[in-house]
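All remarks here apply to the structure that follows.
Just so it is clear, none of the values below were taken in a lab; they were calculated from the coordinates. Since the model is a prediction, treat every value here as computed from it, not as a measurement. So basically every Cβ, Gly included, is an ideal-geometry build from the backbone, and we count neighbours across all protein chains shown.
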Amino acid sequence: MAINKKIIVMVNFFLVVSAHAGDLPSEKFIANLWINNLNQNVDATLIKRDANYYIECALLTERNVDAKLLSHLDGANDFCLVSNDQLKADFDEESQAIKLTIPSQFFLTSRYGLYEFDRPEKANLGGFINYEVQYNNSEFLTGYNGLVDLGIFKDYWFFKNSMLYNSEAMNEKTVRIGTSLDFDFPDKLTKLTLGDATTVSNPFFNSLRFAGINWGTNYLERPGFVYWNTPQLQGTARLPSTVELYMNGVKIYNQKVSPGDYVLQTGSQINYTGNAQIVVEDVLGNRSVRTLPILINNKLLRKGLSEYNIALGKLRYNYYTSSNDYRDFLANLYYRRGLSETTSLGTNISYTQDLQNTGITWTQGLPYFVVLDALVINAHSNDGSRFLYGLSLSKEFSRMSLGISSKYAEDNFRYVGDDPLQDNAVPKFENFAYVTFSEVPFLQNINMSYAEQKYYQGGSNPFNDDKIFNIGFNRQIGNNISFGLGYFERFGAIKDSGGILNITYNFDTRNKVYLNYASENNNASVQYVHDSGRQVGLDYAIGANRRQDENIASLNVVAKTRAGDLSIQHYQYEHATDSTIGYSGAIAFLDGQVNFTKSINNAFALVKVGNYSDIDVLSALNHVEKTNKKGYAFVHDIVPYIKYDIGFDENQLPIEEKYEVSSKPLTTLNQRGYVVDFPIQHTFILTLHPQDINGANFKPGSELHLANGDVYPITSDASVTVYGMTAGTHTMSVLYGDNATCSFDVNITEKEAKEAEASSQPLRVVCK
């Protein structure tokens with residue numbers, strides 16, 4: 001007799017729950033489970049005691065209910081109380097169901113869209129030599145120059161040395177550009193540099209070149225890392241629901257959520273500001289809409305996140321002309337932290353013997369999507385203290401953005417790192433304003449800007465006040481034409497004005513024509529550009545230009561090969577010529593292999609597919625290379641910190657070959673090399689003649705068992721054929737008679753396997 005599990009089965013027995021329960025009886029039965037008016041389509045075991053209902057805790061946990069918030073049944077800790085002042089349990093006798101009403105606070109909070117960055121892998125021991133040579137021949141300059149970069153790496157360290165040669169240099173013809181040893185700490189998103197380095201670029205001043213110790217965060221090197229503010233969009237769902245997120249009416253995100261509170265952590269999903277609409281629709285079709293403003297700006301650090309940089313060493317000057325122009329001792333400390341999703345504070349302290357800079361910066365998100373930036377910097381020297389003040393406001397709309405900024409510096413304000421032998425006057429006032437419009441009828445995109453610089457006059461100041469206003473628009477006409485028109489007015493110490501016209505026509509994705517006209521110099525040009533869009537191919541550009549009543553013809557050609565790129569540039573003037581020919585490439589060393597390739601500016605990998613040649617190597621399912629006769633291929637231009645799937649086309653292998661996987665994930669560091677090995681095992685067919693210790697054959701029907709679980713029957717001629725065998729030692733056993741077993745080892749080389757395959761005689765083995 002079949003029993004329907006959806007019908008209550010009354011057990012009508014008594015449970016002795018515990019000694020402290022007073023031996024009160026309890027009913028135990030089975031019922032169909034409902035939660036918040038939704039049939040869970042599952043049978044639940046219930047215990048009813050003292051008019052209270054208890055249900056299996058595990059069943060509730062599977063449905064996102066936080067069992068830690070529920071009381072447990074004495075003597076049966078795996079049952080949770082589901083009927084009290086907050087939770088309601090109704091038993092429906094007609095449908096034989098227990099219907100629970102559970103408030104949202106009893107569900108686990110679910111988080112969606114959380115950012116998780118991929119941890120780069122350790123690099124294999126290897127290195128490379130980048131090289132670039134050029135020869136220039138013109139009316140004013142004829143000579144050679146060359147650049148050589150040496151890189152050596154392993155695990156998370158990287159040594160680099162760069163040299164520059166210029167045959168026309170006045171002083172040093174060969175200049176050491178830089179020498180450094182880097183240590184990456186991927187889990188902490190930090191980097192330590194010993195040797196030539198630059199301080200981190202920050203709101204206080206541009207990066208400074210120095211030699212010494214440099215340590216700090218490297219968020220900007222991680223393209224997928226979300227360091228800016230990431231507002232959390234929270235809500236509650238009584239039932240399984242679908243949450244859709246709209247920004248300014250555009251759907252940008254959706255997610256299925258479990259019952260209870262949920263948090264949508266926007267991360268990189270949203271990169272603009274405006275009104276957000278959260279639309280929640282549960283499985284029963286109930287729909288709710290909530291509107292709220294949201295401000296996301298990359299100037300605002302994520303709450304609780306800090307960025308920092310510590311630099312100690314000597315400032316470096318004349319970077320490209322002198323190998324060892326190190327002067328003043330430098331100590332620099334930069335620190336910035338996101339105090340909340342709308343407030344970030346930072347400071348920078350720079351010290352040299354003659355000059356010290358100290359500053360603070362404050363970034364604040366204001367109502368109506370306005371972002372405020374305030375900056376104060378002090379410059380202290382033997383001449384006293386001077387200040388620089390900066391303030392900026394910016395606002396983003398769905399189709400418009402605008403901003404205004406202003407800086408004021410006291411007279412003779414200086415930055416640490418300014419070369420005292422050069423003019424480095426800081427403007428008294430530096431003002432800038434801009435406004436942009438998008439999706440404007442007919443014009444499409446409009447931009448306007450105003451910039452001015454005012455200097456203290458007198459003394460040795462060589463700079464003049466300057467003001468410039470720009471206005472322009474650009475739009476796409478159909479699929480092939482883009483059109484831009486601009487006008488500028490310069491009305492400072494130097495007065496000038498003019499218009500700029502740009503037209504681009506796309507024949508297809510590879511071939512374009514550019515038309516440009518600038519009224520300032522009466523400069524008109526036309527250029528035809530062909531871009532092969534491939535690592536190997538021919539790119540070229542042919543142009544004609546008329547400037548100040550002179551005609552100029554130009555030709556640029558780049559022949560791209562696997563071993564490097566050959567470039568030729570030629571400009572034909574009416575009375576002169578200017579020609580340059582150059583070649584750039586690299587030599588890569590990895591895992592005992594050498595490869596002549598393009599310049600290594602990103603990471604690369606040595607992919608090994610057994611010893612098979614002409615196998616397609618894939619990156620993100622796209623063919624990038626073929627294995628050579630030794631079975632390996634170099635894959636270049638792997639963007640660091642991004643997960644790639646490196647693999648091969650397994651369909652090109654012989655069917656009898658065995659491999660574990662045909663694709664492996666790879667996340668790299670910059671300019672490092674990685675070995676991605678796909679071992680291929682040759683398999684063969686082996687015929688065995690097993691016998692017992694007395695030399696007797698096993699009866700037909702006996703079974704040969706392999707360690708991997710495969711089973712082969714022994715045939716009437718007392719032999720057994722095993723498929724997919726590989727060279728090495730294999731343990732096997734024979735099941736015979738009344739579940740009797742014996743075992744033996746087969747140790748065979750590939751040579752012996754081939755001989756056994758070629759022979760018609762089975763290999764005799766003794767089973768002990």
Residue (of Asn412, Tyr389, Ala425) at the positive-pole extreme of the stretch 374-437, dipole from beta-carbon charges: Tyr389
Computed [θ] at 222 nm, deg cm²/dmol, the chain (DSSP H ≥ 4; -39,500 (n - 2.57); rounded to nearest 500): -500 deg cm²/dmol
Sites Glu172 and Ser201, calculated FRET efficiency, Cβ-Cβ separation with R0 30 Å, nearest 0.05: 0.60
Surface/4 of the Cα convex hull for the stretch 683-767, nm²: 5.1 nm²
Label point 7 Å beyond Cα of Lys664 along Cβ direction - residues of the stretch 606-646 with amide nitrogen under 11 Å: 606-610, 646
q = 0.07 Å⁻¹, the chain: log10 I(q)/I(0) [Debye, one scatterer per Cα]: -0.87
Long-range amide H partners of Gly126 with built H, under 5 Å: Phe153
Residues in the stretch 686-718 that a label on Thr741 would reach, taking backbone N under 12 Å of a point 7 Å out along Cα→Cβ: 704-709
Residues Asn431 and Leu366, FRET efficiency given R0 of 22 Å [Cβ-Cβ distance, rounded to 0.05]: 0.60
Pairwise FRET efficiency - Val376 versus Tyr335, Cβ, R0 = 22 Å, nearest 0.05: 0.90
Karplus 3J(HN,Hα) series, Hz, for the stretch 605-610 with 6.51 cos²θ - 1.76 cosθ + 1.60 (x for Gly, Pro): 9, 9, 9, 10, 10, x
Cα coordinate range in the stretch 416-517, projected on the principal axes (Å, largest first): 56, 29, 26
Centroid-to-centroid separation of the stretch 140-197 and the stretch 518-550 [C-alpha atoms, Å]: 33 Å
Extension gain, Leu345 back to Asn39 (0.36 nm per residue minus Cα-Cα distance, nm): 105.0 nm
Full-stretch length increase - Phe183, Leu515 - with 0.36 nm per residue and alpha-carbon distance subtracted: 114.8 nm
Debye, to nearest 20: dipole size of the stretch 19-108, +1 on Lys, Arg Cβ, -1 on Asp, Glu Cβ: 200 debye
Selection from Gln356, Ile468, Leu60, by position along the positive dipole direction of the chain (Cβ): Ile468
Listed pairs Lys48/Lys88; Lys122/Lys608; Lys630/Lys751; Lys28/Lys88; Lys608/Lys754; Lys191/Lys407 exceeding 22 Å between Cα atoms: Lys608/Lys754; Lys191/Lys407
Potential lengthening between Val133 and Asp354 on full extension [0.36 nm per residue; Cα-Cα distance subtracted]: 75.5 nm
